[in-house]
Structure formats: structure tokens, C-alpha cells
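Peer 1: I have a structure here, written as C-alpha cells, and I will follow up with some questions on it.
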Amino acid sequence: MIGFQNMLLTVLELYVSAVVLNKYLDVFGAKRSVLVFSPKNQAIGEAYPLS
């Protein structure tokens, strides 16, 4: 048991971190990425180029 005060501070910190991170991503832009594990990674990369 961490106690009520520590629990409350943890929840508050998580909320503030989420808000700050969302503001940062809104300003600088979030890019999507996908990590594909496949024996045919070259073919997938050629079929879906980044640019």
C-alpha cells in the first residue's frame, strides 16, 4: 500500500504528464511509424516507400 497521499500525487503526475505530452505532440507534430518483422521486409519496404 502506498497510501492515499502518494496515490493522489501519482494520479496528478500522470495527468500532468499526459497533458504536457499531448501539447508537445500538437506543437511539433506526431508521426506514425510501423515496425514490421517479416522475412520479406525488402519487398514490403519497396511496396510502401516513406516519401
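Peer 1: Compute the angle between helix 4-28 and the longest alpha-carbon principal axis of the chain, please, reported from 0 to 90 degrees and rounded to the nearest 10.
Peer 2: Here the helix axis deviates by roughly 40 degrees.
Peer 1: Excluding ligands, DNA and RNA, what is the solvent-accessible area per residue of the chain at a probe of 1.4 Å, expressed in Å²?
Peer 2: Here the per-residue accessible area is 108 Å².
Peer 1: Which label marks the calculated value of Rg and Dmax of the Cα atoms in Å, given the options [x] 19.5, 61; [y] 15.6, 47; [z] 19.7, 54?
Peer 2: The value matching this structure is [z].
Peer 1: Sticking with this one: Between residue 46 and residue 34, 0.36 nm times their residue separation minus their Cα-Cα distance comes to what?
Peer 2: Difference between extended and current length: 2.9 nm.
Peer 1: Let me ask something else. Divide by every residue of the chain the summed helix terms, -39500 (n - 2.57) for each DSSP H run of at least 4, and state the resulting mean residue ellipticity at 222 nm, rounded to the nearest 500 deg cm²/dmol. Write down the numbers at each step before the final one.
Peer 2: Details: 2 runs with 32 residues, N = 51.
Value at 222 nm, helices only, nearest 500: -21000 deg cm²/dmol.
The values are calculated or read from the model by the stated rules, or taken from the named source; none is laboratory data. Worth saying up front: this structure is predicted, and the values here are computed from it rather than measured. Accessible surface areas use protein heavy atoms only, side chains included; no ligands, DNA or RNA. Shrake-Rupley method; radii C 1.70, N 1.55, O 1.52, S 1.80 Å.
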